[in-house]
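In what follows, a single structure is set out as structure tokens and then discussed.
Where a number appears in this text, it was derived from the coordinates with a stated rule and is not lab data. The structure presented is a predicted model; accordingly, all values stated were derived computationally and were not measured. Backbone-built Cβ (ideal geometry, glycine too); neighbour counts: all protein chains shown.
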Amino acid sequence: MQDRYYVIAMIVILAICCLGGYVAVSGYLNSNPQGFSLLTPQSATTPIVVVVPTDTPGPTKPAATTVGARTAAPVPSPLGAFQTIAASTTQLPPTPTTARPANPPTAAPTSAAPSCSGFAFCPKGGPLDYNLGVGGDPCPRNYIWGRVVDSSGRGIPNVRIRYKLVATGESDSVVTKASPDPPGIYNIPTGQPGSAWILWVVDSNSQVSPQVPITTRAYPGGGDCPTRIDFVQQ
């Protein structure tokens, strides 16, 4: 029983000591606020700098520009001095020039119509004709052909026409046809185009028309038939 009282007494004594120690420490800290720092270790502190970005952009370096070669040219100023300006020089390509074509070739002039003065018949060209052309060809290229007519346009049969091949000098004659063929029609076979001939009308071996040069060729598509020669009585 005594042991129990002894234990209780020890607990009370310890509680009183703890309470007294707490009161002493609290009073000391209240009277000396910096005293707590003496009880804790000092730690080195490093200041921290915080950089806050702003919305104002910093100056930017302008991009380098390529400047062409410049030449200085003096320009008179209103004050009479010369002011230097920079002018960019630009190499322009030479202006292409179009060569002027030579004079275009002109068609070979046709021979002047032969004079019919003093002759009984005068030659003239004629159009395409399906009824008179050899074999129904309105302008056969391998024949010299045409009609001999009076002043009224009626065909005259049995008129002799002489012809000569220029290349060889060979000469012959044909006679204009009578009915049932178209009266006054004649034709001279010449072979392939490109041969030169001379024609004229004769009467008892005397010349009664001018001589007419003609070169056989295909119809070019306009005008008279190039292989037709008519002879008109005057």
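A compact table of results
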quantity: Exposure proxy ranking, count of Cβ atoms within 10 Å, fewest first, for Cys18, Cys116; calculated: Cys18, Cys116
quantity: Segment Arg141-Ala24, extension gain: residue separation times 0.36 nm, minus the distance between their alpha carbons; calculated: 26.9 nm
quantity: Contour excess over end-to-end distance, with Cα ends at Ala167 and Ile13 and 0.36 nm allotted per residue; calculated: 38.6 nm
quantity: Gyration tensor (alpha-carbon) shape descriptor, the stretch 121-233, a/c threshold 1.5; calculated: oblate
quantity: The stretch 121-169: relative contact order as a whole-number percent, Cα under 8 Å and 6+ apart; calculated: 18
quantity: The stretch 201-213 - phi-based ³J(HN,Hα) in whole Hz, Karplus 6.51/-1.76/1.60, Gly and Pro as x; calculated: 9, 10, 9, 6, 6, 9, 7, 10, 8, x, 7, 10, x
quantity: Mean separation of Cα contacts under 8 Å, 6 or more apart, over the residue count of the stretch 121-233: relative contact order %; calculated: 38
quantity: Inter-site label distance for Arg4 and Ser117 at 7 Å from Cα along Cβ, in nm; calculated: 18.8
quantity: Length released on extending from Gln192 to Gln211, taking residue separation times 0.36 nm less the Cα-Cα span; calculated: 4.6 nm
quantity: Rh by Kirkwood over Cα pairs, then Stokes-Einstein D for the stretch 138-187 at 1.567 mPa s and 4 °C, µm²/s; calculated: 110
